1. If you count the DSSP beta bridges with both ends in the chain, what percent of them are antiparallel, to the nearest 5?
2. Assuming a viscosity of 0.890 mPa s and a temperature of 25 °C, what translational diffusion coefficient in µm² per second does Stokes-Einstein assign to the stretch 80-143, Rh being the Kirkwood radius over Cα pairs?
3. Describe numerically, in nm with one decimal, the distance between label points set 7 Å from Cα along Cα→Cβ at R272 and at D207.
4. Any idea what the alpha-carbon Rg over 2.2 N^0.38 Å comes to for the stretch 279-318?
5. What length, rounded to one decimal in nm, is gained on full extension from Q330 through to A348, with 0.36 nm per residue of separation minus their alpha-carbon distance?
6. Could you give the length gained on full extension between R108 and D361, defined as 0.36 nm per residue of separation minus the Cα-Cα distance, in nm?
7. Under unit Cβ charges (Lys, Arg +1; Asp, Glu -1), what dipole magnitude, rounded to 20 debye, does the chain have relative to its Cα centre?
8. Mean 1/r over all different Cα pairs, inverted: what Kirkwood radius does the stretch 165-239 give, in Å?
Amino acid sequence: MIGTEGKMLELDGIRKFFGPVAAVSDISFTVEAGEFFSLLGPSGCGKTTLLRLIAGIYRADAGSIMLNGMPLGDKPMSARDTALVFQSYALFPHLSAFDNIAFGLRMRRLPRAEIARRVHEAMELVRMSAYAARMPNELSGGQQQRVALARAVVVRPSLLLLDEPLSNLDAKLRDEMRGEIRDLQRRLGITTILVTHDLQEAFAVSDRIAVLRSGRLMQVGTASELYDRPASRFVAGFVGHVNLVSGKVTEIRNGAVTISCRDNLDLEVPSRGLPWTVGAPAWASLRPERLRLGSAAAAVDAKVVGVTYLGSQVTLRLDIGGLPLRADIQNVGQTLPASGDAIRVSWAPEDVIARPGSPDDDE
Ligand SMILES: Nc1ncnc2c1ncn2[C@@H]1O[C@H](COP(=O)(O)OP(=O)(O)OP(=O)(O)O)[C@@H](O)[C@H]1O
Ligand SMILES: [Mg+2]
């Protein structure tokens with residue numbers, strides 16, 4: 001029986017090569033029991049490969065994976081309490097939607113009535129109750145994906161692995177399903193690892209997120225840690241828009257650092273215990289929605305060079321002494337700046353994401 005407390009999955013130094021290609025390089029992280037953990041990154045960064053390593057479909061070339069304190073290789077796949085939903089929803093083509101979902105329960109020899117009850121419950125969950133008798137080739141891609149999801153959760157696995165399970169759904173259904181997956185996961189306490197390249201999806205459902213790039217683990221954290229404390233330029237840019245500036249540390253005092261950027265912009269930012277050195281390069285970034293218009297004490301002069309009206313939000317392209325900056329402001333019915341206007345903008349020092357080094361160090 002699997003405990004509900006503590007580490008469920010531990011990856012240590014995992015590597016996987018396909019010929020000369022390192023699909024996964026030296027990845028280590030831990031997933032707690034009951035956690036909703038996402039693997040996020042651009043296409044080809046190794047998400048599916050990593051999930052398949054965890055599922056035991058691939059064997060790692062180096063490193064170890066521990067599942068409930070046992071090395072992964074020790075138990076055959078079928079004996080494990082893991083369910084995987086593939087990126088391409090592989091249903092049994094000769095079985096109806098109902099029978100596809102019932103398959104795992106029949107293998108476990110549950111009583112007929114129990115199987116019927118649980119299958120119907122799972123079908124309701126993914127809104128497929130009306131399609132029980134349909135064969136997979138009579139279902140749309142999104143409907144097949146929902147059957148695949150129902151087939152995975154119906155066995156109540158202790159580890160659920162989802163490889164982009166919502167990618168074939170339309171935007172509205174995807175939103176609803178996100179919420180439902182999350183609710184179900186909470187209710188049943190299923191430890192879940194979701195693979196996605198969709199930032200909003202990862203942010204909406206995850207307790208923690210691992211950001212991958214070219215087979216490497218860039219950062220693990222909660223959505224707000226990744227957004228407000230990105231450890232690299234890549235993560236800063238991957239989880240949202242950023243205004244990126246690079247410069248040089250010119251002063252360190254009382255927990256604050258001054259970074260002089262080109263074009264005479266001096267940014268004073270909290271030092272946050274990072275290894276700053278006077279004269280060394282540093283970079284800083286500021287989220288467009290953290291810029292404020294108006295004449296606050298620390299405001300600087302800016303020229304509006306472009307305005308994009310998006311309804312609830314307006315995006316301004318600004319020029320601050322030659323430095324291009326983007327500002328996203330809420331449209332609350334105020335008079336909006338127009339192209340060519342001279343305005344003042346400010347920001348809170350604690351909203352600046354700043355780190356020592358060159359922004360390209362993680363390239
Ligand atoms: N069976 C394979 N043989 C050879 N190379 C592979 C194989 N599977 C994956 N790769 C390569 O390994 C890298 C990682 O692939 P992977 O499928 O894990 O990426 P992914 O992050 O899931 O991408 P996507 O978001 O497009 O699904 C890619 O460069 C891919 O071409
Ligand atoms: Mg993939």
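Every read-out reported here was derived from the displayed coordinates using simple, explicitly stated rules and does not represent laboratory data. As the structure is a prediction and not an experimental result, all values here were calculated from the model. Here the Cβ is made from the backbone with ideal geometry for all residues, glycine too, and neighbour counts use every protein chain on show.
1. 80 percent
2. 197 µm²/s
3. Each label point is offset 7 Å from its Cα along the Cβ direction, giving 2.4 nm.
4. Against the compact-globule rule of thumb, the ratio is 1.49.
5. Answer, rounded to one decimal: 4.7 nm.
6. Gain on extension, R108 to D361, equals 85.9 nm.
7. Magnitude of the dipole: close to 1000 debye.
8. With all distinct Cα pairs of the stretch 165-239 included, I get 13.3 Å.
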